[in-house]
Amino acid sequence: MSTTSTPDLRVGVVGAGMMGADHIQRITRVISGATVSAIVEPDASRAEAAAATAPGAQAFASIEDALDAGALDAVVIATPGQFHEPVLLPALEADLPILCEKPLTPDSASSLRIVQQERKLDRPHIQLGFMRRFDEEYRQLRELIASADAGELLMLRGVHRNPTVPDTYTETMLITDSLVHEFDVMPWLAGSPIRSVEVKHPRRNALSPEHLQEPILALIELENGVLVDVEMNVSEQFGYHVGTEAVFQTGFARIGQPSGLQRWADGRFSIAEHTSFKTRFARAYDAQVQAWVNAVRDGSLVAGPTAWDGYLVALACEAGVQALTQTGAVGVEPTVRPAFYA
Ligand code: ISE
């Protein structure tokens, strides 16, 4: 199918909270080949606010209503993870391509149910929203690792720092909402799945919300022997900083350093840092959604991480949550990727 002569893909966006509203604007203003035709959001005022930014979009209270009305060709799911399964299942039954924000679902049992349902179709229909895979620097680092230009990869060292988090952010969300990205992207960079996860607690930040015991240091062992460490820190009161250093046999490489305007003033040198993932990864989100739209329009349906990757991450998250309160490393069940997801 040619992507230039076919009509725009009609996308239904489920959830018009922070990420949903962001994707609605993105599809409407940045992405080519797609329009937002439906907004599924039970909160009427949110739905109205979102619809005002997407001319022609119809509002629905449920995915079933939108499907019954034949209002969409493809779905973006941007609700919190615990509401994904009730949208994924009818969308799969309707044979619709889906871009689903992370996580696929909150646990491995429900993720496996989604995988089983998807495997009844002719090919994968779900692309998972691990946007870091579309960040230019992450892609360059992955290429460098794969090229073996610097010899073997030995270690990956990550920092994942948020300035603050909302009151609704719980201790387990350090793993399921934040570290979840590292569980996807580090194995993707290193080309090897996760063998175990261990969590260490350094001195607690007295500025962290009372119910959080953080920062934490996660030690993630990969099957190929590469050791990954990640500082997961959600109260560092500065900005949003996500970076990775790769240690090779010969030299090292670094991504995620602040870039952009450099300023010399008042005896100081400064570079602005992001304060939110929405700007830090804005280009990656754009590239991710554009790649997905192109894949749907050319019939390949998926151009990034799949539901199987979501299932692997759910297994790692379960080990990570266990490791929060347990001494030592928690193993992650080894799996074999089905040919369906090759
Ligand atoms: C948030 O939900 C995200 O997905 C961000 O990418 C992550 O950095 C942040 O820690 C999470 O809370």
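The values are calculated or read from the model by the stated rules, or taken from the named source; none is laboratory data. Remember, predicted model here, so these are calculated numbers, not experimental data. Backbone-built Cβ (ideal geometry, glycine too); neighbour counts: all protein chains shown. The accessibility values were calculated without ligands, DNA or RNA, using every heavy atom of the protein model including side chains. Shrake-Rupley method; radii C 1.70, N 1.55, O 1.52, S 1.80 Å.
Among all residue pairs at least 6 apart or on different chains, which show Cβ distances below 6 Å where the first residue, located in region 114-136, is among the small types (Gly, Ala, Ser) and the second is buried (at least 21 other Cβ atoms within 10 Å of the Cβ)?
From region 114-136, the pairs are Gly129/Glu101; Gly129/Lys102.
Go through region 211-247 and count every residue that is of a type in the set (Gly, Ala, Ser), assigned to a strand (DSSP E or B) and within 16 Å of the ligand (Cβ to nearest atom).
Counting residues in region 211-247 that are of a type in the set (Gly, Ala, Ser), assigned to a strand (DSSP E or B) and within 16 Å of the ligand (Cβ to nearest atom) gives 2.
Is it true that Glu273 is surrounded by 14 or more Cβ atoms within 10 Å (Cβ to Cβ), within 13 Å of the ligand (Cβ to nearest atom) and part of a loop (DSSP other than H, G, I, E, B)?
no
Of the numbered conditions (1) open to solvent by 10 Å² or more (accessible area, probe 1.4 Å); (2) within 16 Å of the ligand (Cβ to nearest atom); (3) assigned by TED's automatic domain parsing to the domain that holds Phe183, His160 fails exactly one; give the number of that condition.
His160 satisfies every listed condition except (1).
I need a count of the residues in region 304-329 that are in a loop (DSSP other than H, G, I, E, B) and open to solvent by 40 Å² or more (accessible area, probe 1.4 Å).
Of the residues in that region, 3 qualify.
Of (1) at pLDDT below 95; (2) within 14 Å of the ligand (Cβ to nearest atom); (3) of a type in the set (Ser, Thr, Tyr), Tyr285 satisfies all except one. Which?
(1)
Return yes or no: is Asp149 touching a strand residue (DSSP E or B) at 6+ places or on another chain (Cβ under 9 Å) and free of Cβ contacts under 8 Å to residues at least 12 places away in the same chain?
yes
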